[in-house]
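The values are calculated or read from the model by the stated rules, or taken from the named source; none is laboratory data. Predicted model only: the values in this text are computed from it and were never measured. Neighbour counts run over all protein chains shown; Cβ positions are idealised from the backbone, glycine included. Just the protein is used for accessible areas: all its heavy atoms, side chains included, with ligands, DNA and RNA removed. Shrake-Rupley method; radii C 1.70, N 1.55, O 1.52, S 1.80 Å.
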Amino acid sequence: MQMILQGIFTGLAVGAIYGLCALGFVIIYKSTGILNVAQGGLVMLGSFLCYTFSVTIGFPMWLSFIASVALAFLLGMIIDRLLFRPMIGQPLLGVVMMTIAFLSIIEGVTIFIWSVNYYSYSTVFPETPIEVGGVIMSHEYVWAMGVCLFFFILVGFFFRYTRIGLKMRAVSEDQLAAQAAGVGVKTIFSLSWAIGTAIAAAGGIILGLISMVYFGLSFIGLKAMPVVILGGLESILGAILGGIIIGVLENLAGIYLEPYLSGIKDVAPFVVLMIILIIKPHGLFGLERIERI
Amino acid sequence: MELFPSGGSRKPLEGALLNQSLEEVLLTVNNIEVKYLGVILVLRGVYMEVRERQIVSLLGANGAGKTTVLKAISGLLKSEEGEVTDGKIEFLEERVDKKNPEELVRLGIIQILEGRRVFQHLTIEENLLVGSTNPASTKTDLEKCYGYFEPLKRMQNRITGYLSGGEQQMLVIARALMARPKLMLLDEPSMGLAPLLVQEIFGIVSSLMKDEDMSVLLVEQNALAALSIADYGYVMESGKIVLDGAANELRENEDVKEFYLGLSDLGKRRSYREVKHYKRRKRWLG
Ligand SMILES: Nc1ncnc2c1ncn2[C@@H]1O[C@H](COP(=O)(O)OP(=O)(O)OP(=O)(O)O)[C@@H](O)[C@H]1O
Ligand SMILES: [Mg+2]
């Protein structure tokens, strides 16, 4: 019992981070229609930025976090302006190739600046974990969950209650109709990239906090893919819940099945993904087009 | 076969000069040529004039280029790889053919796309809010919309994907109204709606014109209905204006009657509707 609770707790924390990474991906996909393969790269980049602010420059952790996320926000706007705006209206394949090229540039630059070493932030949290009912929770994990939750609420509020969030939803549903209604689609694209990149960076920083800051975060960031498909490509709630489901499953599989089937930890999420897609091809919360005329 | 052989040689703007309303000129389309993808020539020398507080209807068969004219005016052409390659469009004496849709909506031109494109997963109220361009007046504008389109108010928190066709058509008109337009470009609002509903919607459009000081450029297949509320009309055929005149004159015009309205008297039309319809299409496309 203890073990299962522990597994669920760890899974929730890790899953929340997956959810956050997936959220960034979904926000970009929803409004621009671009499947951003480089999302993992942006996640990794976020962790390195924060490392630079906190260790190299010596900012306190909270300030480093804010500075990195803000910088990523700007970077997102630049990415949109330089790489993707010229490609509006181009075939999907070309655009996806662009994101692949962009990924390898991020990875190249990261290796060039930081090389392939492992880094960690200077410890900011107390060593002694919190214990609740026999479940041991390290401060890092609790904070990770807290920050993810904060972002989920912020993004939910933004899309639900702000004008610009509403316009982003309109663009994601019908770009031409939104344009006809006077919505500035280019501004919306720019903002989506900015928010998507900022969220990726936040996810990366938290990942760096509970593991290490290293090159491999790019691949963990790519977990966003199955998460996103599980949740349904256009669904924000789906991204969040998908992340949590995959995090928990992965952890439980790691605890209970790993001794018998080594490697199952990484495969389990994909098995679940396949089963869900067979039953619900649009993902758990994906939008089915309403057919009515 | 050209339906109105004289149409091609007609002097530009001569027709528009016939539009002798006392109102100020709002929009002039001066001999525009439109190409898609830089090569596909779709409009050739299209001219048109819309005055203030006027309903002008643009008629023509499928593929004549009606929607393209509207998109040229609203700036949406650019997102479809189309371009005005010759001629000019002026709105309130300002050249507008190079402006983007966002700027044009602010200037007062709004297009309502064919096919009732509501944002399906948003509620009625959210759809209307997307159309609002001025945060300060959003509340009054919403009330105004609900005033004109009462059925919408009752369902303001409903997702719009499941609304009936008529309700969706009302919603897209109301959404455009939120931007306080001076010129509404309305593309085939009657498509697939029952005659009674068409009448209701056209009635609302008429009163919008009068009470909101708005002009309407109405594209329609349903020529009879369109000419009954319009002040003036233009007829297009394969990318050109072939005929224009006051709406009541067009309705009486023998060519329009026979070839376009497809009727010499109503009774006959009903029984031969399908046949006539087919014939009409063939003629117009020929
Ligand atoms: N994006 C585009 N690219 C290339 N050609 C186009 C494009 N849009 C329209 N066309 C062509 O331009 C011509 C006019 O089309 P348009 O949609 O303006 O006609 P329409 O009069 O509105 O027809 P309908 O009554 O069927 O709506 C057609 O031959 C069409 O194939
Ligand atoms: Mg059309």
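Overall shape: oblate for the stretch B:63-145, with the ratio a/c of the largest to smallest alpha carbon gyration tensor axis at 1.5 or above and b/c at least equal to a/b. Put simply, the stretch A:149-293 fits an ellipsoid with semi-axes of 32, 20, 11 Å; these come from the alpha carbon gyration tensor as the roots of five times its eigenvalues, largest first.
For B:LEU243, the amide hydrogen comes within under 5 Å of the amide hydrogens of B:VAL235, counting only partners 5 or more places away or on other chains and with H modelled in the peptide plane. Taking amide H atoms as placed 1.01 Å from N in the peptide plane, the amide H of B:ARG53 lies under 5 Å from those of B:MET214, B:SER215, each 5 or more residues away in sequence or on another chain. Summarising the label geometry, the points placed 7 Å from Cα in the beta-carbon direction at B:THR85 and B:GLU150 lie 5.2 nm from one another. Residue ranking by accessible heavy-atom surface, 1.4 Å probe, largest first, among A:LYS280, B:LYS257 comes out as A:LYS280, B:LYS257. Residues whose amide H lies under 5 Å from that of B:ASP97, counting only those 5 or more places away or on a different chain, are B:ILE89; hydrogens are built 1.01 Å from N in the peptide plane. Peptide B:120-126 shows a mean partner chain C-beta count of 3 within 10 Å per residue C-beta.
Where does each of B:VAL118, A:VAL132 land when they are ordered by accessible area, with a 1.4 Å probe and the largest first? Numbers along the way, then the final one.
Working: B:VAL118 10, A:VAL132 80 Å².
Ranking B:VAL118, A:VAL132 by accessible area, largest first, yields A:VAL132, B:VAL118.
Rolled with a 1.4 Å probe across the full set of protein chains, the surface gives A:ILE130 an accessible area near 60 Å².
Extension gain, B:GLN199 to B:GLU212, is 2.7 nm, computed as 0.36 nm per intervening residue step minus the present C-alpha separation.
Nearest 10 degrees, 0 to 90: what angle lies between the long axis of helix A:185-210 and the longest principal axis of chain A (Cα atoms)? The angle comes out near 10 degrees.
When nucleic acids and ligands are ignored and a 1.4 Å probe is applied, A:HIS139 ends up with an accessible area of around 40 Å². In sequence order, the stretch B:53-58 has phi-based couplings of 6, 10, 10, 10, 10, 10 Hz under the Karplus curve 6.51 cos²θ - 1.76 cosθ + 1.60, θ = phi - 60°, and Gly or Pro positions carry x. Legend: mean number of C-beta atoms from other chains within 10 angstrom of residue C-beta atoms, peptide A:166-179, equals 6.
The mean number of partner chain beta-carbon atoms within 10 angstrom of a residue's beta-carbon across peptide B:70-80 is 2.
Entry for the protein assembly as shown at q = 0.10, 0.12 Å⁻¹: log10 I(q)/I(0) = -0.89, -1.11, Debye formula applied to identical alpha-carbon scatterers, no solvent contribution.
Using a Förster distance of 22 Å, how high is the FRET efficiency between A:TYR260 and A:GLN6, based on the Cβ-Cβ distance and rounded to 0.05? List each step's numbers first, then the result.
Numbers: r = 19 Å, r/R0 = 0.88.
For A:TYR260 and A:GLN6, the calculated efficiency is 0.70.
For the stretch B:60-70, in order, what is each residue's ³J(HN,Hα) by Karplus, 6.51 cos²θ - 1.76 cosθ + 1.60 with θ = phi - 60°, in whole Hz (x at glycine and Pro)? After applying 6.51 cos²θ - 1.76 cosθ + 1.60, I find x, 6, 4, x, 5, x, 5, 4, 4, 4, 4 Hz. Look at the alpha carbon pairs under 8 Å that are at least 6 residues apart: their mean separation over the length of chain A gives a relative contact order of 38 percent.
At 1.4 Å probe size, with no ligands or nucleic acids counted, give the accessible surface of A:LEU63 in Å², nearest ten. Surface open to solvent at A:LEU63 totals about 60 Å².
For chain A, the longest principal axis of the C-alpha atoms and the axis of helix A:61-79 are separated by about 30°. Rounded to whole numbers, the Karplus 3J(HN,Hα) couplings from phi for the stretch A:248-254 are 5, 4, 4, 5, 5, 4, x Hz, using 6.51 cos²θ - 1.76 cosθ + 1.60 with θ = phi - 60°, and x at Gly and Pro.
For the peptides A:65-77, A:81-93, B:70-82, the ranking by mean Cβ contacts within 10 Å, running from highest to lowest, is B:70-82, A:65-77, A:81-93.
Given 37 °C and 0.692 mPa s, how large is the Stokes-Einstein diffusion coefficient of chain A in µm²/s, with Rh as the Kirkwood radius over Cα pairs?
On the way: Rh = 19.6 Å.
Stokes-Einstein gives a translational diffusion coefficient of 167 µm²/s.
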